[in-house]
Amino acid sequence: MTSESAGSGHSLKDLDIIRQDAESELAAVKDKETAEQFRIKYLGKKGILREILKSLKDIPEKERREFGARANQLRVTIEEKFEQAPWKTSREDKDSLSFDPTLPGFPFPKGSTHPLMRIRNEIRDIFLSMGFSVAYGPDVETDYYNFEALNTPAFHPARDMQDTFYISETVLLRTHTSPVQVRTMENRKPPFRYIMPGRVYRNEEISARSYCLFHQIEGLYVDENVSFSDLKGTLLAFCRRFFDEKTRIKIRPSFFPFTEPSVEIDVECFLCGGEGCSICKKSGWLEVLGAGMVHPNVLKNVGIDPEKYTGFAFGIGIERIALLKYGIEDIRFFYENDVRFLKQF
Ligand code: DAH
């Protein structure tokens, strides 16, 4: 028996071999599973290092002390190396840190105004400069405000024009911003001028051209002696400021139950200057809004005397104008919040 041998067959040399084996096996550990195998083999209750310490009693007394100290030292070293293994630290750090210090610092990426809100703000600011104020109404409406008070009774065929999301028999998601006209007039005495922006909902099939929700800006002006020429002058001034100062408009007769007469307004195509292009379908004109003189029944419904007061109203589709202005081909881009799309505005 050499000085390095122990009675049980274990020797100090064995400890060196165990150390080498453990270190090379530890270097090969890559994931939780192989780490657990390593831990059981070397550090577990029945692992190699525990077994060695248990065998101390079989070692001759004069060698026991040194062997015990070296075996214990080896266990501590292997435990430490296991705890500090690189796969372990990097993995745990990633899980436990609430921020990633490896991300680039300045400059921070900047957010920007959504294209729809940008158009809404531009339209709003033009009307604010003309003396209009802003009013809002709820997205969840009653049948009364969305239809009834707007001269569209239950049997009226115009209700077919809008596919409605009903919440109950009398509660629905508003299909247009026109109900805000009614709510605004109910509590006020003329004269007043309001624009009313908001989101509206229609149960339409989703496609490049239509979506289940979109945005409108409603306008309303009620006073004594408001005439059709006020409507025409106001909306022409708006179109010239919004599109181009030389833009011409075309007023076509139309129908809405809550206005009489009702019109639709086209602007000269600002992309081809009226020459005719693919966006205006070669007509040279783009349809941008619906308008009309407030129907006497609507005024009556809110307690305003139609003999004394008259008014005009209009509704602008924000998506439609944004699609035209930015040459966007698919309305769904507005709602997907894809940063690659939004970044362009
Ligand atoms: N509410 C109409 C729609 O959603 C748009 C509209 C037309 C609003 C004429 C008006 C108006 O105020 O006078 O299609």
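Structure values in brief
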{"item": "Residue 309 in the same structural domain as residue 231 (by TED's automatic domain parsing), among the hydroxyl-bearing types (Ser, Thr, Tyr) and touching a helix residue (DSSP H, G or I) at 6+ places or on another chain (Cβ under 8 Å)", "result": "yes"}
{"item": "Hits in the range 231-253 - residues which are within 15 Å of the ligand (Cβ to nearest atom) and in contact with a Phe, Trp or Tyr (Cβ under 6 Å, 6 or more places away or on another chain)", "result": "231"}
{"item": "Selection from the range 289-327 of residues that are aliphatic (A, V, I, L, M), more than 11 Å from the ligand (Cβ to nearest atom) and crowded, with 18+ Cβ neighbours inside 10 Å", "result": "299, 304, 318, 321, 322, 323, 324"}
{"item": "Those residues of the range 191-226 which are away from the ligand (no atom under 11 Å from the Cβ) and within 13 Å of residue 291 (Cβ to Cβ), in sequence order", "result": "226"}
{"item": "Subset tally (residues that are surrounded by fewer than 22 Cβ atoms within 10 Å (Cβ to Cβ) and either within 16 Å of the ligand (Cβ to nearest atom) or in contact (Cβ under 8 Å) with a residue 40 or more places away in the chain (or both)) for the range 254-269", "result": "8"}
{"item": "Of residues in the range 157-187 being touching a residue at least 60 places away in the same chain (Cβ under 8 Å) and either in contact with a helix residue (DSSP H, G or I) (Cβ under 6 Å, 6 or more places away or on another chain) or not in a loop (DSSP other than H, G, I, E, B) (or both), the one farthest from the ligand (Cβ to nearest atom)", "result": "186"}
{"item": "Single match in 146, 151 (criterion: within 14 Å of the ligand (Cβ to nearest atom), in the same structural domain as residue 297 (by TED's automatic domain parsing), more than 24 Å from residue 318 (Cβ to Cβ) and not basic (Lys, Arg))", "result": "151"}
{"item": "Residues that are over 18 Å from the mean Cα position of the chain (by Cα) and either closer than 20 Å to residue 321 by Cα or aromatic (Phe, Trp, Tyr) (or both), drawn from the range 187-209", "result": "192, 194, 195, 196, 197, 202, 204, 207, 208, 209"}
{"item": "Selection within the range 221-253 - in a strand (DSSP E or B), surrounded by 18 or more Cβ atoms within 10 Å (Cβ to Cβ) and not aliphatic (A, V, I, L, M)", "result": "221"}
{"item": "In the range 295-345, the residues that are more than 28 Å from residue 180 (Cα to Cα) and outside any loop (DSSP other than H, G, I, E, B)", "result": "326, 339, 340, 341, 342"}
{"item": "Single residue of the range 270-288 satisfying the filter (assigned to a strand (DSSP E or B) and touching a Cys at 6+ places or on another chain (Cβ under 9 Å)) that is farthest from the ligand (Cβ to nearest atom)", "result": "285"}
{"item": "Any hit, the range 134-143, residues being within 16 Å of the ligand (Cβ to nearest atom), of a type in the set (D, E, K, R), out of contact with any Leu (no Cβ under 8 Å at 6 or more places or on another chain) and touching a residue at least 12 places away in the same chain (Cβ under 8 Å)", "result": "no"}
{"item": "Matching residues in the range 282-341 - criterion: being of a type in the set (Ser, Thr, Tyr) and over 23 Å from the mean Cα position of the chain (by Cα)", "result": "283, 309, 310"}
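Rundown of residues vs (1) out of contact with any strand residue (DSSP E or B) (no Cβ under 7 Å at 6 or more places or on another chain); (2) modelled with pLDDT under 95; (3) outside any helix (DSSP H, G or I); (4) not assigned by TED's automatic domain parsing to the domain that holds residue 220, yes/no style:
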{"position": "91", "(1), (2), (3), (4)": "yes, yes, no, yes"}
{"position": "103", "(1), (2), (3), (4)": "yes, yes, yes, yes"}
{"position": "106", "(1), (2), (3), (4)": "yes, yes, yes, yes"}
{"position": "110", "(1), (2), (3), (4)": "yes, yes, yes, yes"}
{"position": "123", "(1), (2), (3), (4)": "no, no, no, no"}
{"position": "137", "(1), (2), (3), (4)": "no, no, yes, no"}
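The values are calculated or read from the model by the stated rules, or taken from the named source; none is laboratory data. What you are looking at is a predicted structure, and each value in this text was computed from that prediction instead of being measured. No Cβ is skipped: glycine too gets one built from the backbone with ideal geometry, and neighbour counts run over all protein chains shown.
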